[in-house]
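Student: Got a structure for you, written out below as structure tokens; questions coming shortly.
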Ligand SMILES: [Zn+2]
């Protein structure tokens, strides 16, 4: 009898120890895996900053995009800055009415539906002013540049931002003409007159992320230039945003009609839990453009 009691009492702690050991082993493996993947897709030579707005400047940001959902790329940064008390205005030149409907609404109702989705996103990201214009989606190249630049100028004069976030003026992320023209017109306006704007930040990606996108994103495969010289501008600053993972995931999901395309800017986001995904893709990248008014 005494023998049996002894066996039972030694077996249990033993099993517990082995189980804990196995759990611990897999946790360590996961941490190593995250660190390796994180190192694989990021460029650690790019300076990580806490914010994009200097402490002494008015904490006001204007983000200018072409379509509802373009903000996904920098959603972590926007939410992080909003939480820090930055007043954010977000401007969209089109309603995105030419995009895929996700089989959720008829094409003629897509513009209205995406406007609704954008209002939800503005709540998630704590965007204070949302402006959505009705320039034709996919058709900015047919519009008078002076008219679009006037819209941009008015938004700058009204919101008086210290910084502007927009597309690059070289490629438009992957060669989309609406994106490219948005970046180009914003820069042209600021070169003429920077108003209150101290710095322009163009959304961009580091080379390892571009290389990964070229392997797994259809859009990048089809449209990104083959010659690296023609590619995106090199980032000069990164913002860490793993702390904003929940909100970024919520933004991606709020663009309900766009489920077929969000994978292009967030590859594999629907295959990996968000808290893990944004520990790997834990930073958003920008190129800081110096303006004439910059002291
Ligand atoms: Zn877009």
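Student: Checking a compactness column here: for region 185-228, what do you get for Rg(Cα) / (2.2 N^0.38 Å), N being the number of residues? Can you show the working numbers first?
Tutor: Details: Rg = 15.3 Å, N = 44, 2.2 N^0.38 = 9.3 Å.
Here the Cα radius of gyration is 1.65 times the empirical estimate.
Student: Quick one: Cα centre-to-centre distance for region 185-232 and region 76-107, in angstrom?
Tutor: 18 Å
Student: Taking Cα atoms, how many degrees apart are the long axis of helix 245-254 and the longest axis of the chain, rounded to 10 and kept between 0 and 90?
Tutor: Once rounded, the angle reads 60 degrees.
Student: While we're on this one: Which order results if 259, 275 are arranged by neighbouring Cβ count within 10 Å, fewest first?
Tutor: Ascending number of Cβ neighbours within 10 Å: 275, 259.
Student: To the nearest 10 degrees, how steep is helix 145-159 against the longest Cα principal axis of the chain, on a 0 to 90 scale?
Tutor: 60 degrees
Student: With a 10 Å Cβ neighbour count serving as the proxy for reagent exposure, in which order, fewest first, do 177, 90, 217, 19 appear?
Tutor: Going from sparsest to densest Cβ surroundings: 19, 177, 217, 90.
Student: Ok, one more. May I have the convex hull volume per residue, in Å³, for the Cα set of region 42-290? Let's see the in-between values first.
Tutor: Values: hull volume 29.5 nm³, N = 249.
In region 42-290, the Cα convex hull volume per residue is 118 Å³.
Student: Please arrange 290, 253, 113 by counting, for each residue, the other beta carbons lying within 10 Å of its beta carbon, fewest first.
Tutor: Result, fewest neighbours first: 290, 253, 113.
Student: Looking only at region 42-290, where both bridge partners belong to it, what percent of the DSSP beta bridges are antiparallel (to the nearest 5)?
Tutor: Roughly 35 percent of the beta bridges in region 42-290 run antiparallel, per DSSP.
Student: Something else now. Shape of region 184-295 from its Cα gyration tensor (a ≥ b ≥ c, root eigenvalues): rounded if a/c is under 1.5, otherwise prolate when a/b > b/c, or oblate?
Tutor: The shape class here is prolate.
Student: Classify region 1-151 as rounded, prolate or oblate from the Cα gyration tensor: take a ≥ b ≥ c as the square roots of its eigenvalues, call it rounded if a/c is under 1.5, otherwise prolate when a/b beats b/c and oblate if not.
Tutor: prolate
Student: Tilt of helix 177-192 relative to the longest C-alpha principal axis of the chain, in degrees (0 to 90, nearest 10)?
Tutor: 60 degrees
Student: Before anything else, pin down the relative contact order of the chain: Cα pairs under 8 Å, at least 6 apart, normalised by residue count, whole percent.
Tutor: 24 percent
Student: Grab the DSSP H runs of the chain that are 4 residues or longer, score each as -39,500 (n - 2.57), total them, divide by all residues and round the 222 nm result to the nearest 500 deg cm²/dmol.
Tutor: Helix-only estimate at 222 nm: -14500 deg cm²/dmol.
Student: So what is the diffusion coefficient of region 245-290 in µm² per second by Stokes-Einstein at 20 °C and 1.002 mPa s, using a Kirkwood Rh over Cα pairs?
Tutor: Result for D is 184 µm²/s.
Student: Ranked highest first by average number of other Cβ atoms within 10 Å, how do 91-102, 129-140, 46-57 line up?
Tutor: Peptide ranking by packing, descending: 91-102, 129-140, 46-57.
Bear in mind these aren't lab numbers, they're just calculated from the coordinates by the rules spelled out. Treat the numbers as computed from the prediction; the structure is a model and nothing was measured. Cβ atoms come from the backbone with ideal geometry, glycine included; neighbour counts cover every protein chain shown.
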